[in-house]
Amino acid sequence: MQIQFWGVRGSIPSPGPDTAQFGGNTPCVEVRNEGEPLIILDAGSGIRKLGLSIIKDPSVTEIHILLSHTHWDHIQGLPFFAPLFSPKYTIKLYGPVHYSKNLEQILSLQMDYTYFPVRVEELASKLSFHDISEHEFMIGKAGVKTQFVNHPVVCLTYRIAFNGKTFVYLTDHEPYRNLFDDGDEVNREEGRLVAAEQTESLIKFIEGADLLCMDAQYTPEEYKSRIGWGHSHVDYTYSAAREAGVKELILFHHDPDRSDAELQRILSGLQDRSWSPMSGAVPVRLARERLVITL
Ligand SMILES: [Zn+2]
Ligand SMILES: [Zn+2]
């Protein structure tokens with residue numbers, strides 16, 4: 001399995017001299033399994049350059065785009081994805097089921113005349129939409145499993161297994177917490193149990209992954225004033241990876257205000273604190289545009 005990062009930034013594209021090294025495009029990750037349909041995770045602004053590389057590659061005709069959720073930073077690149085405009089491609093779009101609108105309606109809205117010159121029904125590719133929830137299915141010979149995570153809108157994590165290797169994509173997730181902290185003792189206890197169960201279930205989902213790409217938008221200090229915004233902090237992300245026995249961790253969904261130098265400092269700080277011989281250290285890297293990892 002070959003994984004390539006095309007967008008690693010959260011919230012809003014943030015190009016500029018301070019972010020040139022790790023990149024300013026919003027989330028998009030390509031997963032290639034030899035002889036299999038192409039899988040793409042999220043359609044942030046990074047998908048534009050990926051699309052340009054796909055149209056130069058005659059081997060690709062079937063593309064499966066798995067959306068974690070439909071916040072702007074995860075769909076805003078889609079109208080600029082070149083394969084959408086060619087009849088050569090069969091493109092299947094998957095995203096978490098909403099109660100009020102389906103995926104096709106949500107994605108068509110961002111291509112309404114008001115925002116974009118071409119409408120979904122004018123796209124030349126063979127396009128289909130798939131509203132999914134917690135689910136297991138196959139894309140070719142790759143197994144895909146999903147689970148909901150903790151975000152202000154429905155959001156899925158994806159576990160992809162192929163040829164004995166496993167990759168987990170887990171973005172836009174905040175640590176589960178006791179929602180009844182201020183309640184009476186019975187409610188507090190109930191809330192504590194629910195949060196513990198949800199945490200356990202997530203750890204099980206990522207357990208033993210060969211590679212985990214996970215939201216690490218904040219420092220622990222920043223997180224204190226951003227509770228409820230739907231993102232993780234670096235220390236939580238690292239401890240979840242270690243508890244789950246993940247083989248390698250990629251810190252992802254970098255804050256748009258984070259400079260390259262600050263990212264490096266965060267990584268070094270984490271390594272200094274966690275890589276003692278007794279800690280059961282997990283190798284960790286920062287997601288960077290064009291980084292390729294082969295499992
Ligand atoms: Zn996001
Ligand atoms: Zn989000």
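With the condition kept exactly as written, say whether any residue in the range 12-26 is not aliphatic (A, V, I, L, M) and not in a loop (DSSP other than H, G, I, E, B).
No.
Let me spell it out: the conditions are (1) at pLDDT 95 or above; (2) away from ligand 1 (no atom under 16 Å from the Cβ), and Thr157 meets all of them except one. Which number is the exception?
It is condition (2) that Thr157 fails.
Are any of the residues in the range 34-45 in a strand (DSSP E or B) and within 15 Å of ligand 2 (Cβ to nearest atom)?
yes
Within the range 31-43, is even one residue surrounded by 23 or more Cβ atoms within 10 Å (Cβ to Cβ), touching a residue at least 60 places away in the same chain (Cβ under 8 Å), within 16 Å of ligand 1 (Cβ to nearest atom) and more than 12 Å from the chain's Cα centre (by Cα)?
no
Is the range 138-146 home to any residue that is modelled with pLDDT under 95 and more than 16 Å from ligand 1 (Cβ to nearest atom)?
There is no residue in the range 138-146 that is modelled with pLDDT under 95 and more than 16 Å from ligand 1 (Cβ to nearest atom).
List pairs: first in the range 106-117 and within 20 Å of Ser128 (Cα to Cα), second modelled with pLDDT under 95, Cβ under 6 Å, 6+ apart or cross-chain?
Pairs that qualify, where the first residue is within 20 Å of Ser128 (Cα to Cα) and the partner is modelled with pLDDT under 95, are Ser108/Val120; Met111/Arg119; Met111/Val120.
Scan the range 108-125 for residues that are surrounded by 15 or more Cβ atoms within 10 Å (Cβ to Cβ), within 14 Å of Ile91 (Cα to Cα) and not β-branched (Val, Ile, Thr) and jot them down.
Answer for the range 108-125, where residues must be surrounded by 15 or more Cβ atoms within 10 Å (Cβ to Cβ), within 14 Å of Ile91 (Cα to Cα) and not β-branched (Val, Ile, Thr): Leu123, Ser125.
Considering only residues that are closer than 21 Å to Ser108 by Cβ and among the aliphatic types (A, V, I, L, M), which ones fall in the range 123-175?
Leu123, Ala124, Leu127, Ile132, Val153, Val154, Leu156
Here is a list: Gly10, Gly23. Which entry is within 21 Å of Leu211 (Cα to Cα), among the small types (Gly, Ala, Ser) and within 16 Å of ligand 2 (Cβ to nearest atom)?
Gly10
Can you name the number of the only condition in (1) surrounded by fewer than 23 Cβ atoms within 10 Å (Cβ to Cβ); (2) under 22 Å from His253 (Cα atoms); (3) in contact (Cβ under 8 Å) with a residue 40 or more places away in the chain that Phe80 fails?
(3)
Here's a check for you: in the range 147-178, which residue that is surrounded by 13 or more Cβ atoms within 10 Å (Cβ to Cβ) and free of Cβ contacts under 8 Å to residues at least 40 places away in the same chain is farthest from the chain's Cα centre (by Cα)?
Asn178
Suppose we filter Leu179, Leu193 for residues that are more than 16 Å from ligand 1 (Cβ to nearest atom), more than 22 Å from Ile39 (Cβ to Cβ), assigned to a loop (DSSP other than H, G, I, E, B) and among the aliphatic types (A, V, I, L, M); which single one remains?
Among Leu179, Leu193, only Leu179 is more than 16 Å from ligand 1 (Cβ to nearest atom), more than 22 Å from Ile39 (Cβ to Cβ), assigned to a loop (DSSP other than H, G, I, E, B) and among the aliphatic types (A, V, I, L, M).
Scan Ile266, Ile227 and give me the residue that is within 16 Å of ligand 2 (Cβ to nearest atom), within 22 Å of Arg9 (Cβ to Cβ), surrounded by fewer than 23 Cβ atoms within 10 Å (Cβ to Cβ) and aliphatic (A, V, I, L, M).
Among Ile266, Ile227, only Ile227 is within 16 Å of ligand 2 (Cβ to nearest atom), within 22 Å of Arg9 (Cβ to Cβ), surrounded by fewer than 23 Cβ atoms within 10 Å (Cβ to Cβ) and aliphatic (A, V, I, L, M).
Has the range 65-77 got at least one residue that is more than 26 Å from Ile293 (Cβ to Cβ), more than 16 Å from ligand 2 (Cβ to nearest atom) and not in a strand (DSSP E or B)?
Within the range 65-77 (the criterion being more than 26 Å from Ile293 (Cβ to Cβ), more than 16 Å from ligand 2 (Cβ to nearest atom) and not in a strand (DSSP E or B)), the answer is no, since none of the residues qualifies.
Out of all the residues in the range 87-103, is one or more within 16 Å of ligand 1 (Cβ to nearest atom) and either without any contact (Cβ under 8 Å) to a residue 60 or more places away in the chain or buried (at least 19 other Cβ atoms within 10 Å of the Cβ) (or both)?
Scanning the range 87-103 turns up at least one residue that is within 16 Å of ligand 1 (Cβ to nearest atom) and either without any contact (Cβ under 8 Å) to a residue 60 or more places away in the chain or buried (at least 19 other Cβ atoms within 10 Å of the Cβ) (or both).
The values are calculated or read from the model by the stated rules, or taken from the named source; none is laboratory data. Bear in mind the structure is a predicted one, so any value in this text is a computation, not a measurement. Note that we place each Cβ from the backbone using ideal geometry, even for glycine, and neighbour counts take in every protein chain shown.
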